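Report on one structure; see the data block that follows.
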Amino acid sequence: MLGVAGAGVLGASALVMGSAAPASAATAETWLDSLTGSGDEASVFQAAIDALGPNGGVIRVPAGTYYIGTTLALGSNVCLVGAGITATVLRDHANLGNNKMMTAIGSSGTRLRNIAIRDLTIRNGTAGVGTPTIGRDALRVEYVDGITLERVRVTEIQGLYGVSYVGSTGIVIRDCEFYRCAHTMVAVLIENDGVTVSGSTFDTVTNTVTTNTYTFMTGAELNNTGSFFVRNLLIENNVFLNNPRWEGVDCHGGENIVIRNNVIKNCKVGVALQHAHGYLADQSQEVLRNVLVADNIIEQGNGDNGQAGISVVGNVQRLSENIRIIGNNITGFTGQDACPGSITLYCVQHVWIEQNQVWDHGVYGVCFWHSVFGATIRSNYFFGANSTAAANATSAAIGVTNGGTFGVLVEDNTVDATAVNKTVNYFLRAFNQYESWQIRNNRILNVKQTNPYYNSSLLPVERTAIPTASLVQRYGDLVYNTSGSAGWVATAPKRGYGSLDTTTVVVKATIASGSDQMAIVAGGASDFRAVPPGMNITVAGAGPSGGLLSARVLEWNAPGTVTLDVSASTSVTAANVKYQGLTLAAV
């Protein structure tokens, strides 16, 4: 698994993919030779399933098209096998109405196990451009330990989901084809653990009405249900195509997730790692952490202006954490609104962006949108923006669009352009004084401006003399002179961040005597984004006898509430909060 320190790349061997094996060891075998291919033959299928009993077996379906008018209920140890992925077709009869083609439904107390579907096609209705018909899905799975889809084609699904899963383990989707679904091709919903999706193609979501549509998604259906999002998810060697309204691969929360070696084209967002909030009964478990996105090819196509190639979104109540984005090739994605980047970060801590190639990006190649703490941007290649974005006055390979960016290392990156009209103005664009950077050993080959740093007075670079204002750094950080050499080093504070500006009231806060919980209230020059974990601050009046309280922020707990490393001695309301000082010494 991915540690906070980020040692090593998360490999498949680090995933526990579930202990239940897919159905394969069945002893009984039934051939459905009596099928005619005319009329509703659901009863033939269901009778064969029921006749297997608890020990299960294999049901073999010959080549042909067969019509299902009643939802088929699969039981434990059942393996349904066709004559080939396109040779055997199960499709909806008029009697089916707005119902699912198949279900495998257990319960939390009585779970099913070992089910497989292989070598056939499932169709339910016709995927249209309008609102999906609720219920007209291919397969619903609930509380099953070990379920495999292999060489299955799911097509023309008129319902909300092609295939959906709840509360299951040992889920395998291998060498399948999902083509033309109205809304979501695969939905891995709450409490699924151990999911492998490999060698499959997901092509064309037809809906043009609903805002959010998915080729593959994880998340939840209802608020305040379930105890966790997906765990131990591996998505590799797949192709995701043609969802211009929304996302190719989407994870609304979860942990221990690997997305690698996929091709994702013509989706509005290539990979969306979203921190969902309000869906689980225990909201402390609403996490997005330990994620690897590696070696994918992600191309914009005509996807609604391409919001992001890879988007990582937490929230201020709980930051997404331990995210690695490595070795991806991303083309396009001009961005929208406040997040114009091919790679976009929002409310994230401990993130590594390394060895990616970014082509024809928007205003920024990597966009720090809001509250990013502890990031490494290393050994990436930025090959210029699209011509419209490059003309933006602040266009840059790396840019900040909002405050709260601390502990960012930018090193060994290359910035170039494939054409003059794709050349960005800057290498890096800072936003305000609530940022902390280390910038070194980058190859800036082609930018428009002589000084490659926008708002360079906020950065530890291009200094002609020892800085005296607007700089936040940590112990051991270096400040570079105009020749690119290290000129000064931060010698204090020994832990966390200090600032050269100790007079500005950055926020106002309320804290009770004896408490280490500080609430940020209105006022000051900034807001809670200015007091990240690790920031050394002073709180007026909260110390002994109403003096200054010197403290360090340990963590965020909720919007505007932080934990300090010491407790207040005196209660204060809307007290002035300032930064503790930073000491620099010549190298």
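The values are calculated or read from the model by the stated rules, or taken from the named source; none is laboratory data. Bear in mind the structure is a predicted one, so any value in this text is a computation, not a measurement. Ideal geometry is used to build each Cβ from the backbone, glycine not excepted, and the neighbour counts take in all protein chains shown. These accessible areas exclude ligands, DNA and RNA; they are computed on the full protein's heavy atoms, side chains included. Shrake-Rupley method; radii C 1.70, N 1.55, O 1.52, S 1.80 Å.
Details
- Of residues in the stretch 32-87 being out of contact with any helix residue (DSSP H, G or I) (no Cβ under 7 Å at 6 or more places or on another chain) and of a type in the set (D, E, K, R), the one least open to solvent (accessible area, probe 1.4 Å): GLU41
- Flag for ASN266 being surrounded by fewer than 20 Cβ atoms within 10 Å (Cβ to Cβ) and modelled with pLDDT under 95: no
- Checked against (1) more than 27 Å from SER38 (Cβ to Cβ); (2) touching a strand residue (DSSP E or B) at 6+ places or on another chain (Cβ under 6 Å); (3) part of a loop (DSSP other than H, G, I, E, B), LYS100 meets all criteria but (1).
- Every residue from the stretch 430-471 that is of a type in the set (Ser, Thr, Tyr), assigned to a loop (DSSP other than H, G, I, E, B) and more than 23 Å from THR491 (Cα to Cα): THR450
Yes/no per residue for (1) buried (at least 23 other Cβ atoms within 10 Å of the Cβ); (2) modelled with pLDDT under 95:
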| position | (1), (2) |
| --- | --- |
| ILE171 | yes, no |
| ASN192 | yes, no |
| THR208 | no, yes |
| GLU221 | no, yes |
| ASN237 | no, no |
| ARG245 | no, yes |
| ASN261 | no, no |
| LEU280 | no, yes |
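- The stretch 400-429: number of residues that are out of contact with any Asp or Glu (no Cβ under 7 Å at 6 or more places or on another chain), in a strand (DSSP E or B) and aliphatic (A, V, I, L, M): 5
- From the list ALA542, ALA525, the one residue that fits, being out of contact with any Gly (no Cβ under 9 Å at 6 or more places or on another chain), hydrophobic (A, V, I, L, M, F, W, C) and open to solvent by less than 40 Å² (accessible area, probe 1.4 Å), is ALA542.
- Among residues of the stretch 272-322, those that are of a type outside the set (Gly, Ala, Ser) and more than 29 Å from ASN237 (Cβ to Cβ), counted: 12
- Residue count for the stretch 311-333 satisfying the condition of being of a type in the set (Ser, Thr, Tyr) and crowded, with 24+ Cβ neighbours inside 10 Å: 2.
- Test set (1) without any contact (Cβ under 8 Å) to a residue 24 or more places away in the chain; (2) open to solvent by less than 30 Å² (accessible area, probe 1.4 Å) - LEU548 fails condition number: (2)
- Condition broken by THR131, with the remaining ones in (1) open to solvent by 10 Å² or more (accessible area, probe 1.4 Å); (2) assigned to a strand (DSSP E or B) satisfied: (2)
- Residue check for ILE147: in contact with a Pro (Cβ under 9 Å, 6 or more places away or on another chain), aliphatic (A, V, I, L, M) and either at pLDDT 95 or above or crowded, with 20+ Cβ neighbours inside 10 Å (or both): yes
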